[in-house]
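First up is the structure itself, then whatever we jot down about it.
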Amino acid sequence: MSTRNGSTYGFKRTVSLLEGRIRRASESRGFAESRVLTHWVEIVGEQTADIAHPINVSYARHGMGATLTVLTTGANAPLLEMQKETIRNRVNATYGYNAIARIKITQTAAQGFSEGKAVFHHKPKHRPKQPDPAVTHEAQTMSRDVADTDLKRALETLALNVLSRNQTK
């Protein structure tokens, strides 16, 4: 069994070489930050996620806690300002400790950037409901005497739309 004599023969331990880089990388992007970005709706709730989007987590050089920068439109900034403490508590619960000390709100115009509008999350596409089979049958019955297939299809669609609209009212 050999004993180590404490000499590293001029080599440094890997952890001492990478420690600074790992610290800077984790401070600039943080492991939990990606979770905050990807699970924003679950963290702050759907109403807040509709009007705000996290854009940055920055760390002070020697201070405790980070600053979360949140983007919103000018009209929603006062609403978000009132929710700052709730948002900070929810984000810190995601981190598991008080990582976020401050929340900074940044505003943008409702019309701006190259896309034309500031959209904070993707809304699901509206999928029309399947019409009631009885309504479909009634629309087909109304157009059954029409010989032209294109005209018949157009009349069926019109009847289906009118009957479906009347049914929801």
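Rule-based calculations on the coordinates, nothing more; no lab input. These numbers come from a predicted model, not from an experiment. Here the Cβ positions follow ideal geometry from the backbone for every residue, glycine too, while neighbour counts run over all protein chains shown.
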* If you plug each phi of region 85-95 into the Karplus form 6.51 cos²θ - 1.76 cosθ + 1.60 with θ = phi - 60°, what whole-Hz ³J(HN,Hα) values come out, in order, with x for Gly and Pro? -> 5, 5, 4, 4, 5, 5, 5, 5, 5, 5, 5
* Amide H to amide H, which residues 5 or more places from THR73 or on other chains are under 5 Å from it, using H placed in the peptide plane? -> THR108
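By per-residue mean of other Cβ atoms within 10 Å, what is the highest-first order of 37-49, 74-86? Let's see the in-between values first.
Working: 37-49: 15.2, 74-86: 13.2.
Packing proxy ranking, top to bottom: 37-49, 74-86.
Given a Förster distance of 25 angstrom, what is the FRET efficiency for ALA75 paired with LYS129, based on the Cβ-Cβ distance and rounded to 0.05? Please list the in-between numbers first.
Values: r = 33 Å, r/R0 = 1.31.
Once the sixth-power term is evaluated, E becomes 0.15.
Taking 0.36 nm per residue of separation and subtracting the Cα-Cα distance, what length does fully extending ASP50 through ALA101 add?
Values: separation 51, 0.36 × 51 = 18.36 nm, distance 2.32 nm.
So the chain would gain 16.0 nm between ASP50 and ALA101.
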